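A short reminder: the numbers here are calculations on the coordinates, not readings from a lab. This is a predicted model, so every value here is computed, not measured. Glycine also receives a Cβ, built like all others from the backbone with ideal geometry; neighbour counts cover every protein chain displayed.
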Amino acid sequence: MSKSNKGWFALFTVPLLLVFTTVVIIPFIIGIGYSFVSWDGIPANPKVFVGFDNYATLLRDDRFLTSAWHTIEFTVLALILVNVLGLAFSLLVTMKLRVSNAARTMFFMPNLIGGLILGYIWQFIFTDVFKYLGDKTGFDSVFFNWLIHPQFALYAMVIVFTWQMAGYTMIIYIAGIQGIPDELGEAARVDGANLWQRLTRIIFPLLMPSFTICLFLTLSGAFKIFDVNLSLTKGGPNNATELFAMNIFNEIFGYGHYGLGQAKAIIFFVLVAAVTMTQVIITKKREVQY
Amino acid sequence: MNKASRTSISALLALLALAFLSPIYLMLVNSFKDRAELYKNALALPDSFSFQYYAKAMDKMNFMSAFGNSLFITIVSVAFVVVLASMTAWMLVRTDNRLSRIIFLVFVSTMLIPFQTLMMPLMQVMDWIRGNLHIPMLNTRGGLIYMNIGFHASMAVFLFHGFIKSVPIALEEAATLDGCTKFGVFWRIVFPMLKTITITVAILDVIAMWNDYLLPSLTLSDKGLRTIPLSTFYFFGEFTIQWNLAMAGLTLTIIPVVVFYMFAQKYIIKGIAAGAVK
């Protein structure tokens with residue numbers, strides 16, 4: 001590179017690199033360091049090096065392990081529900097019906113509202129509206145205050161997350177469906193394939209790239225969920241719905257265990273990276289060409 | 001399919017879409033009811049439309065101030081992300097050497113880092129900058145904008161990078177021969193051609209930044225600096241039991257989103273699809 005080209009290169013890239021380095025790179029690196037110390041977050045107090053103690057402690061931390069288990073449970077349920085619903089919506093909306101566009105607009109709408117606000121809306125529904133429905137209809141085995149029941153509170157989070165994400169995956173599936181040539185479906189129909197055969201033998205295999213994207217987005221979104229958790233259940237009842245991200249937040253800023261919390265945060269990063277990479281590799285392998 | 005079954009599927013789809021948005025309906029109708037009416041029937045339309053809870057929620061949430069803060073922070077952050085990330089991505093694509101490839105790889109690989117992994121050390125770094133360089137990074141709009149730019153840099157560079165690779169280089173070479181500087185080439189020739197991807201980046205970032213709660217909650221502590229998610233959080237902590245007031249407050253926070261959706265729907269849906277597929 002000539003000297004003037006180097007100057008231009010620096011002028012164009014350095015501003016963003018500076019911001020990016022101070023906001024992402026440096027915190028990431030010193031974050032690894034923090035995970036090896038014991039510190040309560042007060043600047044005047046010493047940071048004591050404890051080696052791998054924090055990592056050993058978190059492996060024995062029941063609350064953390066329970067939260068990890070609940071996060072997995074939540075993620076699996078959310079992954080299934082979001083994608084089944086998103087795919088169903090996309091198939092309905094691409095049937096070229098008169099109401100298709102309006103329906104698409106409505107299905108996508110919740111995705112634009114922030115998780116915090118969605119959680120508050122549903123808090124009202126799961127507590128008061130459900131209770132009201134139970135009293136009026138007599139189905140009080142279904143309609144009761146879901147948020148005070150440990151298992152149902154987790155289901156409530158799955159429902160809110162699904163409400164938020166189904167429309168988003170729908171948009172991606174629609175793009176995938178529109179990329180499939182009409183002749184393929186037509187040819188199969190002429191050959192006598194019924195609707196189910198056309199879906200499972202032609203549409204779904206050709207949608208594999210869309211599945212990859214949607215599974216990736218729902219997986220990482222569900223695993224990292226925080227806002228809905230905070231506004232819908234605050235982790236309750238009795239920490240039954242305190243998921244990964246919230247457990248880390250509470251450990252650091254709630255209990256002031258900065259070192260231990262940061263060790264959890266590093267483990268969290270490793271898990272997110274490992275799970276999403278594996279998922280992308282597996283699904284990529286199954287993609288087909290036509 | 002025959003006409004009758006198409007009509008019935010249409011009707012079913014319309015019903016499904018309406019049922020899907022029933023939480024919005026519940027929020028709206030109950031924002032107008034008084035306490036007794038709300039507990040008598042949470043599903044019914046209100047007897048009368050009185051906006052008293054809206055006026056009160058607006059006042060308690062300091063809504064106009066929060067709206068102004070959210071708008072300012074989002075617009076300035078997004079503008080910086082678009083300008084800086086497109087410039088960076090263009091240089092990285094057009095300078096084919098090892099340094100460029102390493103920088104790009106670093107941007108892409110950091111996309112997997114969750115916010116929770118960075119939040120605590122980030123606060124320490126910002127506190128250090130405040131203490132040693134005397135730049136007010138915490139509890140200021142500017143500081144939050146700075147951090148927003150950092151967090152959204154990778155995704156934006158990644159999207160611009162992918163797009164610029166498909167832009168032919170011939171025009172740029174011609175402009176350089178005519179004596180245009182790199183700065184001129186980028187802003188006069190290249191940037192106007194990036195319109196589609198710029199819209200995608202801007203829309204994804206507007207949605208993410210507008211709705212962000214955690215980062216602003218860690219950096220902003222003054223009441224007057226609160227964004228909409230922050231003021232909703234504090235408002236809700238105070239008035240959970242008064243559902244009518246709470247619902248009016250939530251409706252207020254959703255109005256800007258709905259207006260944005262109405263005007264930019266086409267771009268939003270295209271942008272979401274393009275951003276995800278890349």
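Assorted remarks:
- Angstrom value of the Kirkwood radius, inverse mean 1/r, which spans all Cα pairs in chain B: 22.2 Å
- Inverse mean reciprocal Cα-Cα distance (Kirkwood Rh) of region A:153-290, Å: 17.7 Å
- Anchor B:Lys40: lysines whose Cα lies under 30 Å away (excluding residues fewer than 8 positions away in-chain): A:Lys131, A:Lys136, A:Lys234, B:Lys56, B:Lys60
- With eigenvalues of the C-alpha gyration tensor scaled by 5 and rooted, region A:36-158, Å: 41, 22, 16
- The protein assembly as shown: translational diffusion in µm²/s, Stokes-Einstein, Kirkwood Rh over Cα pairs, 25 °C, 0.890 mPa s: 96 µm²/s
- Measuring r between the beta carbons of B:Arg188 and A:Ala187 and using R0 = 51 Å, the FRET efficiency lands at 0.55.
- For the options B:Ala264, B:Ala153, B:Ala85, a Gaussian network treatment of chain B with springs between C-alpha atoms closer than 10 Å singles out B:Ala264 as fluctuating the most.
- Angle in degrees between helix A:62-93 and the longest Cα principal axis of chain A, rounded to the nearest 10: 30 degrees
- Taken over the Cα atoms of region A:63-285, the convex hull encloses 143 Å³ per residue.
- Dipole magnitude of region A:151-290, debye to nearest 20 (Cβ charges: Lys/Arg +1, Asp/Glu -1, about Cα centre): 240 debye
- Helical mean residue ellipticity (222 nm; -39500 (n - 2.57) per DSSP H run of 4+; nearest 500) of the protein assembly as shown: -23000 deg cm²/dmol
- Using alpha-carbon coordinates, inclination of helix B:228-239 to the longest axis of chain B, degrees: 30 degrees
- Annotation: the residues A:Trp196, A:Trp146, sorted from fewest to most other C-beta atoms within 10 Å of their own C-beta, follow the order A:Trp196, A:Trp146.
- Taking other C-beta atoms within 10 angstrom as a stand-in for reagent exposure, A:Ser67, A:Ser220, B:Ser109, B:Ser166 fall in the order B:Ser166, B:Ser109, A:Ser220, A:Ser67, fewest first.
- Cα centroid of region B:204-263 to Cα centroid of region B:94-136, whole Å: 27 Å
- Between A:Ala187, A:Ala103, A:Ala166, the GNM of chain A built on Cα springs shorter than 10 angstrom shows A:Ala187 fluctuating the most.
- In region B:119-274, taking the dipole from charged Cβ atoms about the Cα centre, the farthest positive-side position among B:Leu194, B:Leu138, B:Leu225 is held by B:Leu194.
- Ranked B:Met123, B:Met262, criterion: other C-beta atoms within 10 Å, fewest first: B:Met262, B:Met123
- Considered as an equivalent ellipsoid built on the Cα gyration tensor, region B:72-138 has semi-axes of 27, 17, 13 Å, the largest given first.
- Distance distribution note for region B:1-114: the fraction of Cα pairs above 23 angstrom is 67%.
- Helix axis angle, A:208-223 relative to chain A longest principal axis, alpha carbon, degrees: 40 degrees
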